[in-house]
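Notes follow the structure.
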Amino acid sequence: MPINYVVRKKKDQSGNEVKELYYAVPSAIQNKGVSEKQLAEDLHDNSSLSAGDVLSVLEQLPKAIARHMKEGRTVTIRGLGTFYPALSSEGCETPEECTPNKVRLTRICFRADTAFTYDVKHCEFESMQLRFTKRPKPCLL
């Protein structure tokens, strides 16, 4: 199944002048995500584990990752990728002023494993606009 996209006009402000350019963006149809139950069934079908065992692991995984990240560790799942925190702080004039109460977590980052990226990149794309414009027009009598 291809990844569906639509084309949207956006302002490009990267140069000296503002340009309106067209970019491909994922179509809303992709937003119908896969639940952990669906993943558990997929993994169950390809392993000796029961769907319940897999579901239990998938439910515990976020908590385990969060626990290790709170301890300052990155978490790597071979074949998937690495989770790590991104930090920021207020600007300070001296290093001593940059105290823990001025530091905050800005986001959780994910760096995909090379093999995982390769698997996902080798996919097909389909324009939703072209898909809907190719439909035959109804015959009006």
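The values are calculated or read from the model by the stated rules, or taken from the named source; none is laboratory data. From a predicted model like this one, the values you see are computed outputs, not experimental measurements. FYI the Cβ positions are ideal-geometry reconstructions off the backbone, even for glycines, and counts take in every protein chain you see. Note: areas computed on protein heavy atoms with side chains; ligands, DNA, RNA excluded. Shrake-Rupley method; radii C 1.70, N 1.55, O 1.52, S 1.80 Å.
Here are some notes:
- Counting every alpha-carbon pair across the chain, the share separated by more than 20 Å comes to 73%.
- For region 14-77, with +1 on Lys and Arg beta carbons and -1 on Asp and Glu, the positive-most of A40, G52, S14 along the dipole: S14
- Accessible carbon and sulfur surface of the chain relative to its total accessible area, %, 1.4 Å: 55 percent
- Backbone phi angles across region 43-59, fed through the Karplus curve with coefficients 6.51, -1.76 and 1.60 (θ = phi - 60°), yield HN-Hα couplings of 5, 4, 5, 10, 8, 8, 7, 6, 4, x, 4, 5, 4, 4, 5, 4, 6 Hz in residue order; Gly and Pro are listed as x.
- For the chain, the solvent-accessible area of protein heavy atoms averages 85 Å² per residue (probe radius 1.4 Å; ligands and nucleic acids excluded).
- Accessible surface of R111 - all protein chains present, 1.4 Å probe, nearest 10 Å²: 140 Å²
- Radius of gyration (Cα atoms) of region 47-107, expressed as a multiple of 2.2 N^0.38 Å: 1.65.
- Between T114 and E17, the simple label model (points 7 Å from Cα in the Cβ direction) yields a spacing of 4.3 nm.
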